[in-house]
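The values are calculated or read from the model by the stated rules, or taken from the named source; none is laboratory data. A quick note: this is a predicted structure, and the numbers were derived from the prediction, not measured. Ideal geometry is used to build each Cβ from the backbone, glycine not excepted, and the neighbour counts take in all protein chains shown.
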Amino acid sequence: MSVIQVINPNTSDAMTATIAAAARAVAAPGTEIIAVSAAQGVPSIEGHFDEAIAAVGVLEQINRGKAQGVDGHVIACFGDPGLLAARELARGPVIGIAEAAMHMATLVATRFTVVTTLPRTLVIARHLLRQYGFEHHCAALHAIDLPVLALEDGSGIAQEKVRQRCIQALREDGCGAIVLGCGGMASLARDLTQEVGVPIIDGVSAAVKMVEALIGLGLSTSKQGDLAWPLRKTMTGAFEHLN
Ligand SMILES: O=C(O)C[C@H]1NC(=O)NC1=O
């Protein structure tokens, strides 16, 4: 039995439920998914400021997951907030949904397009492409120009905009796959893939399977060098509980 903690770095429980459903839909029979929202922070992550706030929430949940003895962690926000800090803190594998989706896209296509929410977050995806070494695989990045929580308003408008943007990208970008650039889009991938006949990749499910693979291979986060445990120091104020 493996236990994987899936962390929604924003505080919106409705989005955490969407993320949890996507994770459980692909989890192996022997994998238990524990899905959590950030205990404090921002209701949605839509820029550099939000990412900084969300990183603390991620680290708090990593700590809780460690205390519960989970075997691995997923950071279920497309900015992969706090990923390397989380790897310092964690023993088990920690995978972000952006890196997971990008890796998977390169395994099934030579070029992929990213479709995300607000235009201002496109640069965050660009930074990740460079950090992960996937810039030359990315054909284009597009935003549907709706806020993240539009995906949870029940109208279906955001979901239809994602669908339309994917269809347009497949016509125009010369891409062979599409990466969905938000944890809140996780439920769209399977049906969209069926409809367009091209891999539409959700990072939540991709990350769950990558963590399962790492656990199965007996691979934990390296504690050699920069991902060694954080240096011990006395934290104060709002961070005292992280000591
Ligand atoms: O960066 C984005 O647009 C999406 C990102 N924000 C968020 O609250 N969850 C996410 O996956």
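Table: residues versus (1) buried (at least 20 other Cβ atoms within 10 Å of the Cβ); (2) more than 13 Å from the ligand (Cβ to nearest atom); (3) of a type in the set (D, E, K, R).
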residue: Ala39; (1), (2), (3): no, yes, no
residue: Gly47; (1), (2), (3): no, no, no
residue: Gln61; (1), (2), (3): yes, yes, no
residue: Arg64; (1), (2), (3): no, yes, yes
residue: Val70; (1), (2), (3): yes, yes, no
residue: His73; (1), (2), (3): yes, yes, no
message: Just the residues that are crowded, with 22+ Cβ neighbours inside 10 Å and over 19 Å from Ala14 (Cβ atoms), please, taken from the range 154-180.
response: Cys166, Ala169, Cys175, Ala177, Ile178, Val179
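Condition check ((1) touching a residue at least 40 places away in the same chain (Cβ under 8 Å); (2) within 12 Å of Val58 (Cα to Cα); (3) assigned by TED's automatic domain parsing to the domain that holds Trp229) across all residues:
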site	(1), (2), (3)
Val74	yes, yes, yes
Gly82	yes, yes, yes
Ala86	no, yes, yes
Arg91	yes, no, yes
Met102	yes, no, no
Ala109	yes, no, no
Thr113	yes, no, no
field: Index of the failed condition, Gly30 passing every other in (1) surrounded by fewer than 17 Cβ atoms within 10 Å (Cβ to Cβ); (2) under 14 Å from Ala207 (Cβ atoms)
entry: (2)
- prompt: Looking only at the range 93-117, which residues are within 16 Å of the chain's Cα centre (by Cα) and in a loop (DSSP other than H, G, I, E, B)?
  reply: Pro93, Thr117
query: Which residue, of Ala177, Ala169, Ala186, is farther than 18 Å from Ala20 by Cβ, under 19 Å from the mean Cα position of the chain (by Cα) and small (Gly, Ala, Ser)?
result: Ala177
Unique residue being within 17 Å of the chain's Cα centre (by Cα), aliphatic (A, V, I, L, M), surrounded by fewer than 21 Cβ atoms within 10 Å (Cβ to Cβ) and at pLDDT 95 or above when the list is Leu151, Leu122: Leu122
task: Note down all Cβ pairs under 7 Å where the first residue falls in the range 222-241 and is more than 13 Å from Ala90 (Cα to Cα), the second is of a type outside the set (Ser, Thr, Tyr), and they're at least six residues apart or on different chains.
output: Thr234/Asn243; Met235/Leu242; Met235/Asn243
- request: Grab the helices (runs of 4 or more DSSP H) fully contained in the range 131-240, keeping just those with 2 or more residues being assigned by TED's automatic domain parsing to the domain that holds Arg91.
  value: 203-216
task: Sort through Thr110, Thr11 and tell me the only one that's within 30 Å of His136 (Cβ to Cβ), modelled with pLDDT of 95 or more and surrounded by fewer than 21 Cβ atoms within 10 Å (Cβ to Cβ).
output: Thr110
